[in-house]
1. Could I have the simple spin-label model distance between Glu80 and Glu95, label points 7 Å from Cα toward Cβ, reported in nm to one decimal?
2. Determine, for each peptide in 231-242, 283-294, the mean count of other beta carbons within 10 angstrom over its residues, then list the peptides with the highest first.
3. Report the calculated FRET efficiency for Glu267 and Thr246 (r = Cβ-Cβ distance, R0 = 22 Å), to the nearest 0.05.
4. For Asn243, what residues show an amide H to amide H distance below 5 Å, using hydrogens built from the backbone and excluding near sequence neighbours?
5. So how do 328-337, 298-307 stack up, highest first, on mean other-Cβ count within 10 Å?
6. Stretch Tyr168-Ile214 to full length: gain in nm at 0.36 nm per residue minus the Cα-Cα span?
Amino acid sequence: MKKNNNSENSSYVYFQGSEETVIRTDETQQKAVAALIKKKRIKKTVLNSVSFILILAIVISSLFLGKRGIEKFLVLKQEEKQHQSSTLSDEDKKELESMTEEEKWAYLYEKYPELLNVKFPAGILCDYALYYANNPQTVGYIKIDGTKIDTPVVQADNNKYYLNHDFYGKSTSYGAIYASYKNRFDPFDRNTLLYGHNMNDGSRFASLLNYKNIDYFKKHPVIHFDSLFEKKDWKIYAVVITNGSTESDNGYFFDFTFNHCSDACYEEYIKEIDKRKLYDTGVDLLPTDTIVTLCTCTYEHDDARLLVIARMVRDGETSEVDTSLARYKSSPVKYPDSYYSDPKKNPYKNDKKFYLY
């Protein structure tokens, strides 16, 4: 009996231990299951948050792109309307061809009586009367054959307004093609500066970036840029990549923004252009010449600007350009220090800085 009691006790102890093990195992499993559930909940919350953020980003991006798309549509429609309301018809141009200046204005006043209420500047060409009537800040018109550049030029009393306003004065990221507030047009200044955005859809001055390629220049070597008072053609002399402020070139700014400078300074400026131009166009530039500088953004380095510099066709000279003379230079191109990952590699690092005087 005693042996049996011991057996029973042994069995009891064994089963008691097993029971405790089973209980502990159930508790561990419950805790593990709870932890797993908690982990899944956290993961689900994180996934939901990430999904929400992604969806929100997609919605915001869609709204932004949709806004830009709508803006682009409205801008293009507005410009189409602008041309229709401001450009003389082919019929008008044909009628005006054989008329004297006095007869031309009489014709326009009869056909467009609204012009009678506009105070025009003395000597304005009738070709641009409708543009001026729509916006008295109109100062000229620029066109480059075979490109999207075909637009009136405006001018405010500062260089910021038309960065984000169109020809009609409406707010838009497209801005307008505008002249520096410094410039005067009767007659042209020594250097006329025109600004325009480089838009992704190829509008405004985006076409200018193509001039980095010499073959593009050969197809489009002439700029038609008129003031309100005279029609002029301009031969492209140089294409330059430079900086837009002192911050992007160690405190130095190559000043292309002047309208007048001394004769001696202008000669030095031409020499600086020769160092900086991407290629030779075969067009010459004399210290007696008048130039126009077209400026837009480019992205070779921080705050980079692309300049297309053209000189006015001289009296008695044709507008034709012998593009067979165009060639890339044998000497290195002079860029701002910010163009180089290591400014010490700039071949012009010891070159004397040019300043207007």
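1. Once both label points are built, they end up 2.6 nm from each other.
2. 231-242, 283-294
3. Once the sixth-power term is evaluated, E becomes 0.35.
4. Answer set, sorted by chain and number: Phe254, Arg305.
5. For the peptides 328-337, 298-307, the packing ranking is 298-307, 328-337.
6. Separation in residues times 0.36 nm, less the Cα-Cα distance, equals 13.0 nm.
Values quoted throughout were computed directly from the atomic coordinates according to the rules given, and no laboratory measurement underlies them. For clarity, every value in this text was computed on a predicted model and none was experimentally measured. Note that we place each Cβ from the backbone using ideal geometry, even for glycine, and neighbour counts take in every protein chain shown.
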